[in-house]
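Student: Here it is: the structure, laid out below.
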Amino acid sequence: MRVERVLLKDYTTLGVGGPAELWTVETQEDLLKATEAPYRVLGNGSNLLVMDEGVPERVLRLAGEFATYDLKGWVGAGVLLPLLVQETARQGFSGLEGLLGIPAQVGGAVKMNAGTRFGEVADALEAVEIFHEGRFHVYLPQELGFGYRQSRLPPGGIVTRVRLKLKERPLEEIRRRMAEVDAARKGQPKRKSAGCAFKNPPGHSAGRLIDERGLKGLRVGDAMVSLEHGNFIVNLGKATAKDVVELLKRIQEELPLELEWEVWP
Ligand code: FAD
Ligand code: EPU
């Protein structure tokens, strides 16, 4: 196990966040040790806004045995979802195409029930292994309270492995579906971001609402409402969490939107 002081801006896709102690957990033994004191779990950092002051708790990152996979068996929570989407397709399995383009780790994708209008993680799960209170427990997806971009994991629960629900399908059919999902993402920015900042209100697109209010291009420091998609806040280079918080506040003064991101601490 590696324990190091890091800046979380180097571990989040938005590129924002202060210091923390990063525990890279590679074995079950590591996991037991790392969870002896208060902790948070970091996935791929693609749905996080971490404050500039950083976080006082240990930040756990799954690697080693938690980042290996067998598509017909258990898949580690530390595996990158984009890799899994490509690999399942390559091996002729259907079930994850709708998740194309989501830069999560499997564990973070489960926690957020990440998805697109083509499908969400909960639909692709057969079972989820969660470590809590010092033991591993296996859950069925219907036990985990999945909803739109949310789940109800046991308190302090760490997703360690999942079993996927996949079907063998002709490669051509899988590729066609992936191309469709890819096309639907074309309007999303390539710059540093944490995906959509706000949840879509029922029946509406937060991005469209922000766009219609003329808020695209609104900027605080190096944090800016993307010109391409209103629900993305992009880091133009040196944005701080303070910049991002101020920008979120200005948007929420105009529109009553609920944040999709998780804020640390
Ligand atoms: P993190 O951001 O690291 O963490 C998010 C939460 O999950 C935290 O609470 C963390 O503690 C928890 N967590 C992480 N790993 C574990 C674990 N092993 N066990 C328990 N809890 C854990 N999201 C969508 O839903 N749809 C999209 O189309 C989409 N597109 C995106 C596009 C871009 C360019 C970006 C940057 C983001 C996008 N997102 C999208 C947002 C983001 O990818 C998802 O919310 C994703 O599920 C976050 O996963 P992560 O591994 O990065 O988790
Ligand atoms: N639109 C605008 N202006 C904008 C943005 C969007 O007019 O600035 C319009 C689009 O033209 C489209 C409609 O609004 O007609 C919906 O836009 P889009 O297809 O981009 O979908 P979205 O509702 O904004 C949702 C998810 C995305 C996911 C896409 C694709 C949420 C909050 N967002 O976006 O997920 O990738 O659908 O399925 O649910 C995320 O959760 O982080 C995320 C990126």
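Student: Identify, from the list G98, G54, G107, the residue that is open to solvent by less than 50 Å² (accessible area, probe 1.4 Å), in a loop (DSSP other than H, G, I, E, B), modelled with pLDDT of 95 or more and not hydroxyl-bearing (S, T, Y). Break it down stepwise before answering.
Tutor: Numbers: G98 fails: in a loop (DSSP other than H, G, I, E, B); G107 fails: in a loop (DSSP other than H, G, I, E, B).
After ruling out the rest, the residue left standing is G54.
Student: Among the numbered criteria (1) touching a helix residue (DSSP H, G or I) at 6+ places or on another chain (Cβ under 8 Å); (2) without any contact (Cβ under 8 Å) to a residue 40 or more places away in the chain; (3) not in a loop (DSSP other than H, G, I, E, B), which single criterion is violated by V162?
Tutor: So V162 meets the others, but not (2).
Student: Let me ask something additional. Looking only at region 113-142, how many residues end up being open to solvent by 40 Å² or more (accessible area, probe 1.4 Å), within 16 Å of ligand 2 (Cβ to nearest atom) and outside any strand (DSSP E or B)?
Tutor: We begin by selecting, within region 113-142, every residue open to solvent by 40 Å² or more (accessible area, probe 1.4 Å); these are 117-118, 120, 123, 126, 133-140, 142.
Right, trim to within 16 Å of ligand 2 (Cβ to nearest atom) and you get 117-118, 120, 123.
Adding the requirement that they be outside any strand (DSSP E or B) leaves 117-118, 123.
The total comes to 3.
Student: Hey, among the residues in region 210-223 that are open to solvent by 30 Å² or more (accessible area, probe 1.4 Å) and not in a loop (DSSP other than H, G, I, E, B), which one's nearest to ligand 2 (Cβ to nearest atom)?
Tutor: The residue in question is D211.
Student: Continuing with this model, one more query. Hey, among R169, R161, which residue is more than 16 Å from ligand 2 (Cβ to nearest atom) and either assigned by TED's automatic domain parsing to the domain that holds K216 or touching a Phe, Trp or Tyr at 6+ places or on another chain (Cβ under 6 Å) (or both)? Reasoning before the result, please.
Tutor: Numbers: R169 fails: either assigned by TED's automatic domain parsing to the domain that holds K216 or touching a Phe, Trp or Tyr at 6+ places or on another chain (Cβ under 6 Å) (or both).
The conditions single out R161.
Student: Report, ordered by the first and then the second residue, all pairs with beta carbons closer than 6 Å, sequence separation of six or more or different chains, a first member in region 247-259 that is farther than 19 Å from L48 by Cα, and a second member that is at pLDDT 95 or above and part of a helix (DSSP H, G or I).
Tutor: Every condition considered, the pairs that remain are L255/L209.
Student: While we're on this one: Can you say whether Y69 is open to solvent by 10 Å² or more (accessible area, probe 1.4 Å), of a type outside the set (A, V, I, L, M, F, W, C) and touching a residue at least 40 places away in the same chain (Cβ under 8 Å), as far as the supplied structure shows?
Tutor: On the way: open to solvent by 10 Å² or more (accessible area, probe 1.4 Å): yes; of a type outside the set (A, V, I, L, M, F, W, C): yes; touching a residue at least 40 places away in the same chain (Cβ under 8 Å): no.
No.
Student: If I go through region 81-92 residue by residue, how many of them are more than 13 Å from ligand 1 (Cβ to nearest atom) and either touching a strand residue (DSSP E or B) at 6+ places or on another chain (Cβ under 6 Å) or open to solvent by 20 Å² or more (accessible area, probe 1.4 Å) (or both)?
Tutor: Here is the first cut: in region 81-92, the residues more than 13 Å from ligand 1 (Cβ to nearest atom) are 86-92.
From what's left, either touching a strand residue (DSSP E or B) at 6+ places or on another chain (Cβ under 6 Å) or open to solvent by 20 Å² or more (accessible area, probe 1.4 Å) (or both): 86-87, 90-92.
Residues that pass the stated criteria total 5.
Student: Which ones in region 1-34 are of a type in the set (A, V, I, L, M) and touching a strand residue (DSSP E or B) at 6+ places or on another chain (Cβ under 8 Å)?
Tutor: Narrowing region 1-34 to residues of a type in the set (A, V, I, L, M): 1, 3, 6-8, 14, 16, 20, 22, 25, 31-32, 34.
Scanning region 1-34 gives M1, V3, V6, L7, L8, L14, V16, A20, L22, V25, L31, A34.
Student: Go through region 165-198 and report how many residues are more than 16 Å from ligand 1 (Cβ to nearest atom) and either surrounded by 17 or more Cβ atoms within 10 Å (Cβ to Cβ) or part of a loop (DSSP other than H, G, I, E, B) (or both).
Tutor: 5
Student: Only strands (runs of 3 or more DSSP E) wholly contained in region 1-44 count here; list those with 1 or more residues that are closer than 27 Å to E246 by Cα, modelled with pLDDT of 95 or more and touching a helix residue (DSSP H, G or I) at 6+ places or on another chain (Cβ under 8 Å).
Tutor: Details: elements: 2-7, 19-25, 39-42.
In region 1-44, 19-25, 39-42 are the strands (runs of 3 or more DSSP E) which contain 1 or more residues that are closer than 27 Å to E246 by Cα, modelled with pLDDT of 95 or more and touching a helix residue (DSSP H, G or I) at 6+ places or on another chain (Cβ under 8 Å).
The values are calculated or read from the model by the stated rules, or taken from the named source; none is laboratory data. Since we're looking at a predicted model, the values are computed, not measured. Glycine also receives a Cβ, built like all others from the backbone with ideal geometry; neighbour counts cover every protein chain displayed. We work out accessible area using only protein heavy atoms, side chains counted, and drop any ligands, DNA or RNA first. Shrake-Rupley method; radii C 1.70, N 1.55, O 1.52, S 1.80 Å.
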